[in-house]
1. Tell me, what does the Kirkwood hydrodynamic radius of the stretch B:330-486 come to in angstroms if you use every pair of distinct C-alpha atoms?
2. For chain B, what is the relative contact order in percent, using Cα pairs closer than 8 Å and at least 6 residues apart in sequence?
3. Rounded to the nearest 5, what % of DSSP beta bridges with both residues in the stretch A:59-133 are antiparallel?
4. Full-extension gain between residue A:96 and residue A:60, please, as 0.36 nm times their residue separation minus the C-alpha to C-alpha distance.
5. Can you give the relative contact order of chain A as a percent, counting alpha carbon pairs under 8 Å and 6+ residues apart?
6. Excluding residue B:314 itself, what net charge comes from residues whose Cβ is under 9 Å from its Cβ, given Lys and Arg +1 and Asp and Glu -1?
7. Output ³J(HN,Hα) for the stretch A:116-125: one whole-Hz value per residue in order, computed from phi by the Karplus curve 6.51 cos²θ - 1.76 cosθ + 1.60 with θ = phi - 60°, and x for Gly and Pro.
8. For chain B, what does -39500 (n - 2.57) per DSSP helix run (n ≥ 4), summed and divided by total residues, give at 222 nm, in deg cm²/dmol to the nearest 500?
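Nothing in this text is a laboratory measurement; each read-out follows from the coordinates by a stated rule. Note that the structure is predicted; figures quoted are calculated from it, not measured. FYI the Cβ positions are ideal-geometry reconstructions off the backbone, even for glycines, and counts take in every protein chain you see.
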Amino acid sequence: MRASYYAKALREIEVSGKIPEDKLVDHFLRTLTQNGHAHMLPKIVRSYERIRNHEEAQSTVEVTSASPMTEQDVQALLKKDPFRNVLTASHKKVIRKTDTTLIGGAVVRSGTTRYDASYKRMLLELYQSLISS
Amino acid sequence: MEHIVDKLKKQILELNPKTRSEKVGIVTAAADGIAEVDGLDDVMMSEMLVFDTGEGKSLEEALASGNALLGMALNLEEDSVKVVVLGDATKIKEGMTVKATGNILSIPVGKELIGRVINPLGEALDGGLPIKTAKQNPIERKAYGVIERKSVSTPLHTGIKAIDGMIPIGRGQRELIIGDRQTGKTVVAIDTILNQLNEPADRRPICIYVAIGQKDSKIARIVQQLKDKGAMDYTIVVTASVSSSAALQFLAPYAGAAIGEFFMDAGKDALVIYDDLSKHAVAYRQMSLLLRRPPGREAYPGDIFYLHSRLLERAARLSDAMGGGSLTALPIIETQENDVSAYIPTNVISITDGQIYLETDLFNKGIRPAINVGVSVSRVGGSAQTKAMKKVAGKLRLELAQFRELEAFVQFSSDLDEGTKQRIEKGKLMVEILKQDKHVPLPFEKQVAIIYVAGADVLNDADKSKIALLETKFIALLESQYPEVLKTIADSRELSDASQQTLKDAVVTFRGANPDLFQVSK
């Protein structure tokens, strides 16, 4: 039995809200002991955290810019190319971050997909193209 | 000045930095050159990954940090990917972004590599300009199948009499060089590279010397030797020295094979030397243990045989329809205390098409190259041997085997019958004839000439302590007074009756001019 199977089952019941959280934990621990898999608990916790982090990353859009942006600036940015298709109905949160090393432009990240439209990347690409020619 | 400014303006104006979506993951753990990465769900096995070492750094710092830090995905696990870092692993930090490239790890290949010393990623190590080639070859590639191949039929001369005469190597063959430390394994390989200078330019193979886990000082010495003799004009050195990470040492032979395949695919002949696969296996064992793969015999992972078989299977002689190119492989294995029955030596012996076995005892007796011809074999090279060499060296192996059996009786020679004495004397002569100094490979036609006269019973009374001098002087005589016989053998690759007679005449002339090199008859 894999720890991830327990973690997935736990998360799916939690999301469904079929039983209260304190009862769920109690039931889960009893089931684990009953199946003789109590020793797997640390692995299951890690796997559960992974699932939670993954879900959170999938439902969040992170926008990093060189100078602070307002909510309106971000909304306007996400309507422009190449970020036009980033924001979907599954996204629940937009996080704004500032990184002055980007020089200009923005980096948008959603889950495991990243769009890097920063000036820093463009200048690094220009540098690479100049030294390799 | 104006020209440079115009060029820069054009480049800046034409640069089109498109923003594409990239698949990225996050480093969750890193230790011992292995990084664990979360989030790379679609990554392929052996895919090249780029660690974003410039993240959070200013442009100046990002530029100063140099080349991109690469990694290779090796363990695709349920929740994460384990990546071997191909460079300075100390730059890896927890939380660092890792970018998937969607490409299997590749190396630049092309004629531009000839004469260069590179690492397994194709980066120059010789202080020269960065390497730019039009093509890249994947480091791992499936070997050609039976339809694309043809039998080994063309010789690859090593310039070493004992090998070319008795253990001939053909183009496209895989011949193992095996022996303890300090027995001359690398010398055999380097002499083979040097001997290609004796081949006509159109038949000369491109040589690739792959140094795995060797000391930097040794590699520098080898490169200098190759340069001094002019052999770097057709040689590429791929090096992952002992100071390189285990991952680079693991990749080095595959990089060498990828470069060799480029020339083979172009219809040319290539020779690749893996020096040595024992250290390659050790590097792979280190990586596998760090990747937490289960250890097997001698703590090597279960796929250690496949590691070497898939590498050596890439050596091939292609059919005419495929261009007729070839890739010959000379892997080297270092044994401990002559133990060829250890795990890695037996594996590689069973994969290759024969082995050249070097012995410490022979080396210490002064028999150099210290090849034990009794246990050395070439399974396919015989069909690639030239007619001339076949003719003169056909009986050589048998005569030497008989001599080895009789050798024990040498000290009681006075009690032996005349026939046995003669066989012993002939054996002694042959052993002396097969001795050769290092880095002095002998062209094929000269080998044929000297082995012929030694076998034709015209040198039986030669002073055995002066055979090296006799050989040098005899070849000098042939070059000065009988150059046409050498040219005929080299061109026709046969030893005609006329050539045999000329060589016998040359011996008569030689005897007259050098009586001091022969024993006075009683």
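1. On the way: mean 1/r = 0.0570 Å⁻¹.
After inverting the mean inverse Cα-Cα distance, the result is 17.5 Å.
2. The value is 15 percent.
3. Percentage antiparallel, nearest 5: 65.
4. 11.9 nm
5. Details: 144 pairs, mean separation 30.9, N = 133.
That works out to 23 percent.
6. On the way: positive: B:141, B:142, B:310; negative: B:261, B:313.
Net of charged neighbours comes to +1.
7. 9, 10, 7, 5, 4, 5, 4, 5, 5, 5
8. -11500 deg cm²/dmol
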